[in-house]
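The values are calculated or read from the model by the stated rules, or taken from the named source; none is laboratory data. All values reported here derive from a predicted model rather than from experimental measurement. Ideal geometry is used to build each Cβ from the backbone, glycine not excepted, and the neighbour counts take in all protein chains shown.
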Ligand code: SAH
């Protein structure tokens, strides 16, 4: 038998029962579990040392124990109120999360990976490559960081930050459960966005979550889709759409499609008609996302007129459609503009240039 060394797991992400078990293992009475739970999820404790209801000697002996909170490295504020956070993880990697306020909602756009391996050619995240999967506590922490900064409860979560969540289901699914159970956010107020990978949408369906699935389609046929999304080569459009239908059937949840609009690439009227044909007999909602510019590629956002024409054709074909303008464009906090960083140095100049 070989012994495997597992790193100390962070406390954030554990349920009340698991935390109670943990304090008992530490030789403490069970009620300390409830205190720990309260301080972790509702009082913003960043270390065990800061939990003043705990005995001093115990707190001090556990001062370095990983609670699971990341460090706020840098924050920017866009004129529309969107706030972007650069969070530094324990191993030094820097990831991004975005807080998007409206009168009634506070939405957090969370990252599920540092970087992304999918390499979609219109997205900034993929340009920096893939660094690693995020742990569940690193996902939950993003929500708590935004909630604390806004001093307001987060109402909605979208997994639309960096990374491909379906490549990190073993951490994303427990993070969703904890955000629901421990942070108190309804699963129905969470949206998970994916570019789709063979078998993965069905795998997600089997978790029977109540989240909304958003599938990044971006093209009306296989040829164009695999030009824009290299991974689509191994995932023919009809197979993807069949898995989407299965998802709706298995979960009883609705599903939406995202379609980034790139001028003179995928915004022609005949492409709108071709797109609509995929949805016959399918209760689909289509979100059109006008392209947000990134420096590495020279795509253009279509004119208002072309966006409207595309939308109208889908409506005429009885597809439920909306146009979603991303928030935070001015500070590179919008969809597709997030990037991971490997070292602090890279972002030090940004921090001095608010
Ligand atoms: N990997 C997941 C989630 C991250 S991207 C996915 O692909 O769905 C979240 C959304 O932002 C996706 O719909 C993605 O296609 C879109 N997006 C990426 N780059 C963009 C850009 N430059 N402008 C507008 N939307 C973009």
>> Being surrounded by 19 or more Cβ atoms within 10 Å (Cβ to Cβ), at positive phi and at pLDDT 95 or above is true for just one of 163, 199. Which residue is that?
In response: 163
>> Which numbered condition in (1) within 16 Å of the ligand (Cβ to nearest atom); (2) assigned to a helix (DSSP H, G or I) is the only one that residue 179 fails?
In response: (1)
> Identify, please: which residue in the range 57-74 is crowded, with 18+ Cβ neighbours inside 10 Å and in contact with a strand residue (DSSP E or B) (Cβ under 8 Å, 6 or more places away or on another chain) and is, among those, farthest from residue 138 (Cα to Cα)?
Replying inline: 74
> For residue 255, are the conditions met, namely being closer than 18 Å to residue 310 by Cα and either surrounded by fewer than 19 Cβ atoms within 10 Å (Cβ to Cβ) or under 22 Å from the mean Cα position of the chain (by Cα) (or both)?
Replying inline: no
> Tell me, which residue of the range 127-144 that is closer than 19 Å to residue 334 by Cα and crowded, with 24+ Cβ neighbours inside 10 Å is farthest from the chain's Cα centre (by Cα)?
Replying inline: 142
> For the range 209-250, how many residues are assigned to a helix (DSSP H, G or I), in contact with a helix residue (DSSP H, G or I) (Cβ under 7 Å, 6 or more places away or on another chain) and under 24 Å from residue 188 (Cβ atoms)?
Replying inline: 5
>> Could you check the range 261-278 and list, in sequence order, the residues that are in contact with a helix residue (DSSP H, G or I) (Cβ under 9 Å, 6 or more places away or on another chain), closer than 16 Å to residue 240 by Cβ and either in a helix (DSSP H, G or I) or near the ligand (Cβ under 10 Å from one of its atoms) (or both)?
In response: 275
> For the range 279-321, which residues satisfy the criterion of being part of a helix (DSSP H, G or I) and either closer than 16 Å to residue 258 by Cβ or within 15 Å of the ligand (Cβ to nearest atom) (or both)?
Replying inline: 307, 310, 311, 314
>> Please go through the range 131-161 and give me each residue that is part of a helix (DSSP H, G or I) and under 16 Å from residue 90 (Cβ atoms), ordered by number.
In response: 136, 137, 138, 139, 140, 141, 142, 144, 145
